[in-house]
1. Each residue of the range B:60-76 in order: what ³J(HN,Hα) in whole Hz does its phi give by Karplus 6.51 cos²θ - 1.76 cosθ + 1.60, θ = phi - 60°, with x for Gly and Pro?
2. Take peptide B:52-59, look around each residue's Cβ out to 10 angstrom, count Cβ atoms belonging to other protein chains, and average those counts.
3. Residue separation times 0.36 nm, minus the C-alpha to C-alpha distance between A:Tyr430 and A:Ile191: what's the value?
4. In units of 2.2 N^0.38 Å, what is the alpha-carbon radius of gyration of chain A?
5. Which whole-Hz couplings ³J(HN,Hα) result when phi for each residue of the range A:162-174 is put into the Karplus expression 6.51 cos²θ - 1.76 cosθ + 1.60, θ = phi - 60°, listed in order with x for Gly and Pro?
6. What order do you get for B:Lys32, A:Lys268 when you list them from fewest to most C-beta neighbours inside 10 Å?
7. Sticking with the crude label model, points 7 Å out along Cα→Cβ, report the distance from A:Ala78 to B:Leu113 in nm, one decimal please.
8. Fewest to most neighbouring Cβ within 10 Å: what's the order for A:Tyr136, A:Tyr62, B:Tyr177?
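Where a number appears in this text, it was derived from the coordinates with a stated rule and is not lab data. If you're wondering where the values come from, they're calculated on a predicted model, not measured in any experiment. A quick note on method: Cβ atoms are made from the backbone with ideal geometry, for glycine too, and the neighbour counts reach across all protein chains shown.
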Amino acid sequence: MDVLSEKEKALLLGNEAVVRGAIEAGIDVATTYPGTPSSEIADTFSKIARHYTARGQDPGFYFQYSTNEKVALEFAAAAAVSGLRALTCMKHVGLNVASDAFMTYMYVGCKGGHIIVTADDPSCHSSQNEQDNRYYAKFGNAPMLEPSTPQETKDMVMEAFEISEELSLPVLFRMTTRTSHIRGPVNLGEIKLKKKKGRFEKNPLMVTVPEVARKLHPVLLEKMEKAELISEKSRFNFVEDFGGNTGIITSGAPYNYVREVVDELKIKCRVLKLGMTNPLPRKMCIDFLKKSERVIVVEELEPFLEEQLKAIAQEEGLDVKIYGKGYGNFRRIYEYDMDIVESTLRKFFGFEEKKKVSDTSLHAPPRPPVMCPGCPHRATYYAIKQVAPEGTIYPTDIGCYTLGKAPPLEMADFLLCMGSNVGTACGFSYATDQKVISFMGDSTFFHAGLPGIVNAVHHNHDCVITVLDNRTTAMTGHQPHPGTQYDGMGNEAIMLKVEDVVKGLGVQHIEVVNPNNLKKTMEAFERALNYKGTSVVVSKAPCALILPKSVTEGSFEIDQEKCTKCNVCIEKFGCPAFYRDGDKIKIDETLCNACGVCTQVCESNAIRRRKK
Amino acid sequence: MKIRMIFAGVGGQGVLTEANILAKAFLSAGEKALTSEVHGMAQRGGSVVCTVCAGDVHSPLIADGGADAIVSMEPTEALRYIKKLKEGGTVITDVNPVIPPNVSLGQNEYPDLESVFKEISNRGKLIKIDALEIAKRAGNAITKNIVMLGALSGMEILPIDREKILQVVRENVPAKYVEMNERAFNMGYEAVRD
C-alpha cells in the first residue's frame, strides 16, 4: 500500500495524501459517507484499518462508513469535542446533508482538531450539480484550506489539525476532482497512530438552546478574527514574483495550470497563491493589490475570491482593476483546464492567440458509462417495463441505477438528490393520475430513504417504491453499508434487512424478489401496482462486480440457427455484451458475466451457455 | 525535461494501472511525475483517460496540441483525444474495437477503422499493434495494458530505460502474475521494434 510506504517519497493520489497527512498527524477518528470524488479518502482509511485488523493488530484509529454525511459529521464532532483528532470526508453535496449539523457545530467548536473534507466536482464528472462549497466556509464561518498538489494536501491536512485546535474550530478542507484525483510525489514522514480515548468535559455552552446560541455567535466571529491572523502568516498563502506589476491571484487546481502557463510563456507577473482561502489574508491581499496595476483572478466556478478582492479594493480605495469571471474564457461553469487558462492569460498579458488545433473530420462514438453486463438493475427494469402501464413515472435516485436513464430502458424520469425518489414519488402520485414506481439503492435507502417512506405510509400515498438491493454501495466503489455483513474496519457488523426495516416503518405491502427471475419479478410488480397505497418491492441480487468468479465465469452465446433477429436482446434488454456482427447478433464472451437473464428475454430460445 | 502523455481506453481495460506504473517509474528514476485520472462513473464501460506529465511540469492536465504521445487501448479512444497530440507526436493504439451499446442500438456510428487510422496518421506517427492477441499469447487478455506499456517503452520517446519500468511492473502486479506480465511487457516492446 503506497499510503503506508516507509520510503522517503511516494506517488500518492490527492485523496491518499489526505489520509497520509492524517495518519502522520495521529488521527483518532475518521468518518464518511462515500461519494465521488472523495471516496478514496475513506476507502484508504478503511484499507489501512482492515490491513491491521487482518493481522490482529489495532489500527490505532477508528474508521466508519456512516449511514449518511450528517451522521458521519455528528459522530466525529462528538469525538472531537472529547479531545480526539477527527476527520470527516464527503463529496460536495454530502455537505448539504451534513449542513444542519455543520452550521451549529461551528458555534460550539471542538477541542481535538477536526477536518471536514468537501470534495467538489466542477464539471459534474459524477455529480448532480457543481455547487461551489467555498461558500459553506463563509456561510458557517469555518476556516478553509484548499490544496493544489498532493504534497500540499498532505502538509495542509497536518497543519489543519493545528489550526483547528488553536481556534477550537473545525476546519473546512476543500478539494476538487482535479486535486482529489491527481497523483504526484509526496515526501513522507513518520506515521503516528496510537489508540487513545478522549474525555468529554461537560459545559452548558455546548447545549445550543437560543440563549446559548446568542452567546456563541459572537464568540465564533472572534475566532474568525483570530483565524485571519493565522491566514496572514500561513505558509500556504504566498507570492511568487516573476517580475512586472501585473498580478494573478489563484488557488486550488487552477494554480497548477497558471504555473504551467507562466513557465511556458515566461510571463512577467506576480502570483498570489492562496491556500487558506477563508478568512482571506486581508493585509496580504491589500499589499498585493497595491503593488499591482492590474490583477486577474483565476478560480473555478463562482467568483468567490474575485468578489472579496473587489470589496477589499473598494474599501481601501485602490484603483487597481480586477478581472475574473467574464474575461476571456473564464466562466462560472465547469472546471478550468490548460486551454481555458492559457488562452485567457495570453489575452490578458498581450500574447498572440495560440494556433487552434483543428477538429477531426471523423468522430469517436460517445462512450458514456453503462450498467454492466449481469447488472441486476437491468433485469428489474426490464421486468417492470413488461407490466407497468404506459405513462408510468419513474422517480430515481443517486446510484448506478441512474444509468437506466439511457436507451433502451429509459427507466429514470426525475432526480434531485439522495433519497429524493420517495418524496417525489408521493408528490407525483398526488399531482397526477399516472402510476408511479420509484427506485433507490440499498445504501441510499439507509442514507435518506427512511423518512420519505414513513411519510408515504402515514399519508397512504399510492406508489410503488423499489429498493434495488445489490448488497453494496456499488457506484462509489463497493463500500459496506448497514445492510452488509462487515463494517469499514473489517469487523463483523449487525446486518439490517431492508424488508425488515420497511415492515417496521409500517409498510403493508412488501415484496422481496430476485430480479434475475424475470417472471416472478413481473408478478411481484403487478401485485404491487394493483395494491392501493404504499408498497415496497425489494429487488435483491448482488452487484455483478462483487459476485465470486465461480458465478460470473463462463458466458452465453447465440445459436445463429435459432436466432430470428427480433433484436429484443439489443433493442429492449440492452445488455452491453450483445453486439451486431454484420447481420448476426453475438455475445462478447469477455464482457458476459453469465447471469443468464437474457435467456428469459429471448423468445426463440436461441441463447445458451457457451461450452468450455 | 518535460514529457506529457495521454493514456486512453475503455473502463475495465486497466488504463489507470498502466499510467500509474509509468508515473512511478518516472519517480524511481528521480523525475517528478503527475497524473490526472477519472474515477467513478467512468468505470462502467465508459471512456477512460489518464494523463502522465513528467519532468519540470506543474500541471497534470495537457493543453490541446501538448501531448508527446497518446497510448490507447482502443482505436476510437485514440481518435477521441487526438486534438491533444503535439504536431508530429506519437500514437500507439491497439487495433481491436470495443463497440459501445449505443452503436449496437443504431444511435451512433462506429467509424470505419481504416479511416480512423488515416485520420490519426495525418496528425502524427501512428503505431498500430494487436495488443489483445499479444496479451493472450503472453498468458491472459488482461495483460493488454502491460503490452501497451512495453510498446511505449520500445518507441524511444521515454527518457527512462526499459528495465526501470519493468521493475515497477514487477512491483505492482500480484506476485503470481509477475512472470506473465514481464512476458507481456517484453512482447509489447518487441512488437514495435520489428
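1. Along the range B:60-76, the couplings run x, 8, 10, 6, 4, x, x, 8, 6, 8, 10, 10, 10, 8, 7, x, 6 Hz.
2. On the way: counts 1, 4, 0, 0, 1, 6, 12, 17.
Mean partner-chain Cβ count within 10 Å for B:52-59: 5.
3. Working: separation 239, 0.36 × 239 = 86.04 nm, distance 5.68 nm.
Using 0.36 nm per residue and subtracting the Cα-Cα distance, I get 80.4 nm.
4. On the way: Rg = 26.9 Å, N = 612, 2.2 N^0.38 = 25.2 Å.
Relative to the 2.2 N^0.38 Å estimate, chain A comes out at 1.07.
5. 4, 4, 4, 6, 5, 9, 6, 9, x, 10, 8, 10, 9
6. Working: B:Lys32 18, A:Lys268 13.
With the fewest neighbours first, B:Lys32, A:Lys268 line up as A:Lys268, B:Lys32.
7. 6.1 nm
8. Working: A:Tyr136 25, A:Tyr62 21, B:Tyr177 16.
Ranked by crowding around the Cβ, least crowded first: B:Tyr177, A:Tyr62, A:Tyr136.
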